[in-house]
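Undergrad: After the structure tokens below, expect a handful of questions from me.
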Amino acid sequence: MHLSPAQGSHPQEPGPPAFEAAAGILGLLADRTRLALLHTLASEEADVGTLAAAVGAARPAVSQHLARLRMSGLVTTRKEGRRVVYALTDEHLRRLVAEALAAAGPGSPGHRRV
């Protein structure tokens with residue numbers, strides 16, 4: 001999600017493709033494990049084993065979630081020897097995850113138990 005300036009000083013109005021892309025990203029964030037993975041990756045790059053331990057999920061499940069995040073372009077991979085290291089793709093995603101967690105925190109207007 002990127003806001004581009006339009007003619008003058010007003011942000012460009014998003015069109016249907018932007019809404020579709022944003023809905024896809026928010027849909028991926030709607031999963032607790034994927035959100036926890038992205039939150040962990042917001043502070044450091046990590047491999048599957050490290051991420052599984054950090055989010056308290058089984059390695060195979062974490063691998064499946066990471067595959068979805070990679071296919072959607074939200075995370076990237078690189079090889080370090082035999083390890084595959086995951087990282088967030090950009091700062092926008094880091095801020096989006098932080099804002100989503102802040103909006104859900106105690107004292108926020110939208111805070112409630114689900």
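Quick note: the coordinates plus some simple rules give every number you see, no bench work behind them. Computed from a predicted model, the values in this text were never measured in an experiment.
Undergrad: Give me the percent relative contact order of the range 32-103, please, defined on Cα pairs under 8 angstrom at least 6 residues apart.
TA: Result for the range 32-103 is 36 percent.
Undergrad: I would also like to ask the following. Report, by chain and number, residues whose modeled amide H sits under 5 Å from the one on Val84, excluding near sequence neighbours (fewer than 5 apart, same chain).
TA: So Val84 has HN proximity to Val48.
Undergrad: D for the range 32-103, whole µm²/s, Stokes-Einstein with Kirkwood Rh over alpha-carbon pairs at 37 °C and 0.692 mPa s: what number?
TA: 271
Undergrad: Right, something else. For the range 28-38, just list the computed ³J(HN,Hα) in residue order, Karplus coefficients 6.51, -1.76 and 1.60, θ = phi - 60°, integers in Hz, with x standing in for Gly and Pro.
TA: In residue order, the calculated couplings are 5, 6, 6, 8, 4, 5, 5, 4, 5, 4, 5 Hz.
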